1. Based on DSSP loop calls and a cut-off of at most 16 other Cβ atoms within 10 Å, the longest stretch of the chain free of exposed GluC sites (Glu not before Pro) is what?
2. Divide, for the range 4-149, the radius of gyration over alpha carbons by 2.2 N^0.38 Å, where N is the residue count.
3. Between T63 and N438, 0.36 nm times their residue separation minus their Cα-Cα distance comes to what?
4. Dipole size in debye (nearest 20) for the chain around its Cα centre, Lys and Arg Cβ +1, Asp and Glu Cβ -1?
5. Taking every Cα atom in the chain, find the radius of gyration and the maximum pairwise distance Dmax, and write them in Å.
6. Could you work out how much longer the chain between I214 and D281 gets when fully extended? Use 0.36 nm per residue separation minus the Cα distance between them, nm to one decimal.
7. Within the chain, which DSSP H helices have Cα atoms that stretch 20 Å or more along the helix axis and a mean Kyte-Doolittle hydropathy of at least -0.5?
8. Need one number: nm distance between label points at N53 and A115, each 7 Å from Cα along Cα→Cβ, rounded to one decimal.
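The values are calculated or read from the model by the stated rules, or taken from the named source; none is laboratory data. Model, not experiment: these values are computed from the prediction. Here the Cβ is made from the backbone with ideal geometry for all residues, glycine too, and neighbour counts use every protein chain on show. Each accessible area value is taken on the protein alone, full model and side chains, heavy atoms only, with ligands, DNA and RNA left out. Shrake-Rupley method; radii C 1.70, N 1.55, O 1.52, S 1.80 Å.
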Amino acid sequence: MSGPKHSCGIVGIAATYNVVAGLHKTLMIIQHRGQESAGISVFKNGDLHTVKNNGLVQVALSTENISGLEGDIGIGHVRYSTAGSKSVLNTQPLTVMTSFGTVAIAHNGDITNHAELKEKYLASGTSFLTDSDSELVVKVLSKYMVQYNDPIRAMKSMMGDLEGSYALTILINDRLFGVRDPYGLRPLCIGEIEEGHIIVSESAAIDALNGTFIRDVVPGEIIEVMHDHFIPYQGIVSKHKAHCMFEWVYFARPDSVIDGREVYDVRKRIGEILARECPADVDMIMPIPDSGRAHAIGFSIASGIPYEEGFMKNRFAERTFILPDQKERELAVSMKMNPIKSTVDGKRMVIVDDSIVRGTTLKKLISMLRKAGAKEVHVRVGSPPVIAPCYYGVDMKTREQFVANGRTVEDVCDIIGADSLGYISIDGLIEAIGKPENELCLACVNGKYPTRIPGEVHRFQSTLNSEF
Ligand code: AMP
Ligand code: SF4
């Protein structure tokens, strides 16, 4: 089993009062970014205090578990991992005691030169408790802290060593920092809250704390966050950015604004563009809840075809995507979703989903729709065919798992049993996001990676530092 994956959610808060409630609330708001484990670290009276457990925020950080936890500066984390890597050792924040004090780190992303760096550290006598790349981040940072005794210098050096994606909140004793990788692969933004500041994966959390969004952390930036102000430092500069397109397509909350683009608006535009690129003569447009909803609304508006909710979703059903076995995944889809017979019986419909990975979800849903009497089922998808693995923290790891890999659109259409299948084009997706191509990561749909990945096409070559 490979190491844990980190499509996670992170937060840091500095305020004039106990920040535990604020951290807890924030983790609930970004729970969709990780349901595997949750944790909070706060610093008070010279000590770091951490509570972290497996499970949803409400369970892992229950009132009982966090009672007595106090501090006016702290960080939090929700972790998403694949099945099988549920060890409590991998829960975050990760904490270490060092000669300069305590360090706690919350990490969202994947360090792609993890194995290489780990080898080096092992050779110099460093030991590791886990195979997690976040532990490596802590070790690299600690090494430079010992060397320089200066957090900013240490973080800059750490950024020089790390490749891949990382959004980090870091507590070094009583100082809070946020760091974003030079390509801005994973989101991170900063806001003002009552007598304090927050740094968090998604802006929706700032709204939930009645705060005011200030700005996104610039790719390659280090920010020190204090209750009454924050100080930005330039860490590492890249000529190009590579914001993950999948954050807008699927991963983030629709009410978040990422790098200047609201997620809901992007999804709606995706739907509008899909209607233009792949029209269909049908009676209604139906979303796959919840992730296909905004895309379907856009499709309906642009096509003038009525929008209908034809699936009832069980909100408490298990997540199907991470189940290890295909049979289990199929069964879990029918536990999760049921067609509303009166809506679908005798109808020709377009169903809209954000993405197709293995094709399990749609295959099962289409057969359920046919059983419920659907006359025609046309599928429209809010991302281009996923054909290449993600090395940056989204759980799409091997080419073999992608139904679109090595197959034509017609082949995939046959496999899922649809009457027609249309994906948004790469250009259409770029238009919907509204950012230039060289500011986006599209690697899972075009196979060109923004960072060096052995055996894969490197899109930018090295544009870090040297050109500035
Ligand atoms: P699949 O059934 O494998 O085609 O999965 C596609 C469905 O899973 C889509 O409806 C997405 O909403 C969702 N999905 C896509 N990517 C991921 C991911 N990395 N983790 C969890 N769910 C995902
Ligand atoms: Fe996002 Fe795909 Fe790039 Fe991974 S490969 S960071 S999912 S755009």
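1. Details: sites that count: E70, E194, E195, E309, E318, E456, E467.
It runs 319-455.
2. Numbers: Rg = 15.1 Å, N = 146, 2.2 N^0.38 = 14.6 Å.
Taking N as the residue count of the range 4-149, the ratio is 1.04.
3. Once the chain is fully extended between T63 and N438, it gains 130.5 nm.
4. Working: 49 positive and 57 negative charges, 184 e Å.
Roughly 880 debye, rounded to the nearest 20.
5. Cα radius of gyration and Dmax of the chain are 22.3, 71 Å respectively.
6. Working: separation 67, 0.36 × 67 = 24.12 nm, distance 4.47 nm.
That works out to 19.7 nm of additional length.
7. On the way: long enough: 133-148 (23 Å, 0.24); 263-277 (21 Å, -0.44).
Helices passing the filter in the chain: 133-148, 263-277.
8. Here the answer is 3.6 nm between the modelled labels.
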